[in-house]
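Contents: one structure, followed by commentary.
The values are calculated or read from the model by the stated rules, or taken from the named source; none is laboratory data. Only a predicted model underlies this, so the values are computations on that prediction, with no experimental measurement involved. Virtual Cβ from ideal backbone geometry, glycine too; neighbours counted across all protein chains shown. Keep in mind that these areas ignore ligands, DNA and RNA; they rest on the heavy atoms of the full protein, side chains included. Shrake-Rupley method; radii C 1.70, N 1.55, O 1.52, S 1.80 Å.
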Amino acid sequence: MPERKVIVKSEVGLHARPAATFVQTAAKAPIEVTLAKADGEPVNAKSILSVLALDVRQGEVIVIRAEGEGSDQLLDDLAAIAAAP
Amino acid sequence: MEALIGAGVSPGVGFGPARRLLGSVPPPPPDARHDGDAVAARHVALAALEHVAADLAARGAIAGGEISAVLNAEALMARDPALADKVTDLIDEGLAPALAVHRAFGAYRDMLAAAGGYLGARVADLDDIRDRAVALLMGLPQPGVPLRAVEPYVLIARDLAPADTAVLTPDVVAAFVTEEGGPTSHTAILARALGVPAVVACLGATEVPDGTPLLVDGASGIVRLAPPADVVAEAGKRSLERAAALRRARGPGMTKDGHKVPLLANVGGPADLQAAMAYGAEGVGLLRTEFLFLDRRSAPSVDEQERAYREILGAFPGGQVVVRTLDAGADKPLAFLPHAEQPNPALGVRGLRVFHDAPEVLTDQLTALARARQGTEGRLKVMAPMIATGAEAAWFAGMCSAAGLPDAGAMIEIPAAALRAREIAAHAGFLSIGTNDLAQYLFAADRQVGALAGLLSPWQPALLDLVASAAGTGRPTGVCGEAAADPALACVLVGLGITSLSMTAPALPAVRAALAGHTVRQCRAAAAAARAATTPSEAQTAARRHLPDLADLGL
């Protein structure tokens, strides 16, 4: 399955505004998207509560996975959001 | 145009949609089941969540900025697909929609609460969304004080508790209207502290439908429902004029003809100092010292107290700081003071009475005050609460003198002390009238009982009679109750012979402007007219006739 590994750069981690932007972008896609910490269980990337509960901090590595039409573009977009400072 | 009438307790005009404050949403019954049609139940539950989400998103879109981001995040939570899956699962198990939503939120709530920090703080957001959805599903009104609003709203409640309002700011609340409460109720005090107009004891207020545009006049007590645009525009214009007039009023308090009336702040602890200085207080007219004593096992040391007093004295170099000695008793017991159960705490051993048999705590406090006074420019004065007789005033003055404090005064809160103020003044350098307690004892009406609020109006002619009696001793006599914070009443008090006024700091500009607009002669005429009246509202109307500038100031 196509995936991207990204280091989260935002000072607030994947919380607050970065988390909202990330989830909103994922939610627009018609395909399934998951998010996991480097060695953790994947969660639904369209669920803000699940993403917040992962508690991703600045400097942590996350893995974003999606399969299906447009998955490459979507993964690039999500990776860019997660890697934005 | 319909209108409701209550008691105006915080002057100014506010306009906005009505928002009723309701208690928390009760959890759905733990055995609530749907009627067997899971598909319909699922549809109802998800529609409620979507409704909440759409409402949040719509408000966010209008608000813009930081508020928009927060509301959008909340909308995202309400639309969360994982949450929706949980709700669906629970409904498939037979749970009723409201219960399923409540439980589904519960799982995330625990997770966030356990994480603490930023995530822990999201629990409140989650609870808010949950309560909105559950209230919708149970047919209950929407809960809680709305903390963010696109336009300031008029908060309507039976009465307000500190917990309801601790988080409110004037950019969110245009005015308060409560069905219960009096001039010394929490709502009134809070509204004046925030500088927000307020009307209390307003019958029918809680029947007003949510969203009704309300125009609230916190001076006259009139609340207009759905007023025409020109009336609102006129009120808005007056409100701006008022703000401008208040900004113009600066400097020490004095009447139009130059009669000086020091305007002082009531201070409950170091945290209040900044506001006191910002609003131009000339000093502290009532320093409540309980903050040093509450919630501890042993009394604070002399050193600790000295430091605290020094900090406050230092804030007003050259200005007077009037310290009230510890006011404890059966109503607010302290671990290190002797106390016994008393059938009527307000009429029991409280205030100065606590120290008659065990003066050690008072001696320490006076020692600390005497030390703090050394080497500071502030004029430190000390007064005792709940003095009833000249003998008590003499005893307190003796304690002060022994500690090295020359300027001892007495609070006048007991009718006997007001009636025989001369006997108190023989042993006191100054007097300070606490109108809140004085009204309570004069009318035998508990301040905590909302139903008695009418008796406790500071405009009661009988109360004004007692103030006049206490103000006639020739000693400097201030007022430090809520009465001083009412601009019209402040003029009346000066007319009665009061020489300084102390109030919650945000009330200072309006009082300063009201005094600056009238001569002592006008104040005296207003006082005489008020005392000639037979009811509080007549007294208010009669007094205002002699104070023409108040209307121009929008007060």
query: Taking the stated definitions as given, is B:Pro252 open to solvent by 30 Å² or more (accessible area, probe 1.4 Å), in contact (Cβ under 8 Å) with a residue 40 or more places away in the chain and not in a helix (DSSP H, G or I)?
result: no
- prompt: If you scan segment B:411-466, which residues turn out to be in a loop (DSSP other than H, G, I, E, B) and either touching a Leu at 6+ places or on another chain (Cβ under 7 Å) or among the charged types (D, E, K, R) (or both)?
  reply: B:Glu413, B:Arg420, B:Phe443, B:Ala445, B:Asp446, B:Arg447, B:Pro458, B:Trp459
message: Based on this model, can you work out whether B:Arg122 counts as modelled with pLDDT of 90 or more and open to solvent by 10 Å² or more (accessible area, probe 1.4 Å)?
response: no
- prompt: So, of the residues in segment B:412-467 that are of a type in the set (Ser, Thr, Tyr) and within 18 Å of the chain's Cα centre (by Cα), which turns out to be surrounded by the most Cβ atoms within 10 Å (Cβ to Cβ)?
  reply: B:Thr435
statement: The residue from B:Thr504, B:Thr519, B:Thr541, B:Thr535 that alone is β-branched (Val, Ile, Thr) and in contact with a strand residue (DSSP E or B) (Cβ under 6 Å, 6 or more places away or on another chain) is B:Thr504
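So that you can scan it fast, the table gives a plain yes or no per residue for (1) hydrophobic (A, V, I, L, M, F, W, C); (2) in contact with a Lys or Arg (Cβ under 9 Å, 6 or more places away or on another chain):
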{"position": "A:Pro2", "(1), (2)": "no, yes"}
{"position": "A:His15", "(1), (2)": "no, yes"}
{"position": "A:Ala27", "(1), (2)": "yes, yes"}
{"position": "A:Ala38", "(1), (2)": "yes, yes"}
{"position": "A:Glu41", "(1), (2)": "no, no"}
{"position": "A:Ser47", "(1), (2)": "no, no"}
{"position": "A:Gln58", "(1), (2)": "no, yes"}
{"position": "A:Asp77", "(1), (2)": "no, no"}
{"position": "A:Pro85", "(1), (2)": "no, yes"}
message: Only one of B:Gly36, B:Gly23, B:Gly117 is out of contact with any strand residue (DSSP E or B) (no Cβ under 9 Å at 6 or more places or on another chain), modelled with pLDDT under 95 and within 14 Å of another protein chain (Cβ to nearest Cβ). Can you tell me which?
response: B:Gly117
- line: Among (1) over 30 Å from B:Pro548 (Cβ atoms); (2) at pLDDT 90 or above; (3) buried (at least 19 other Cβ atoms within 10 Å of the Cβ), B:Leu263 falls short only on (1)
- prompt: Can you tell me how many residues in segment B:238-275 are farther than 20 Å from B:Ala483 by Cα, assigned by TED's automatic domain parsing to the domain that holds B:Leu287 and among the polar types (S, T, N, Q)?
  reply: 1
- line: Turns out the strands (runs of 3 or more DSSP E) fully within chain A with at least 3 residues that are within 12 Å of chain B (Cβ to nearest Cβ) and touching a residue at least 60 places away in the same chain (Cβ under 8 Å) are none
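Give B:Gln365, B:Gln342 a once-over and let me know the one that is part of a helix (DSSP H, G or I) and not hydrophobic (A, V, I, L, M, F, W, C).
Testing whether each residue is part of a helix (DSSP H, G or I) and not hydrophobic (A, V, I, L, M, F, W, C) leaves just B:Gln365.
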statement: Here the residues within segment B:87-114 that are open to solvent by 10 Å² or more (accessible area, probe 1.4 Å), in contact with a Gly (Cβ under 9 Å, 6 or more places away or on another chain) and within 10 Å of chain A (Cβ to nearest Cβ) are B:Ala114
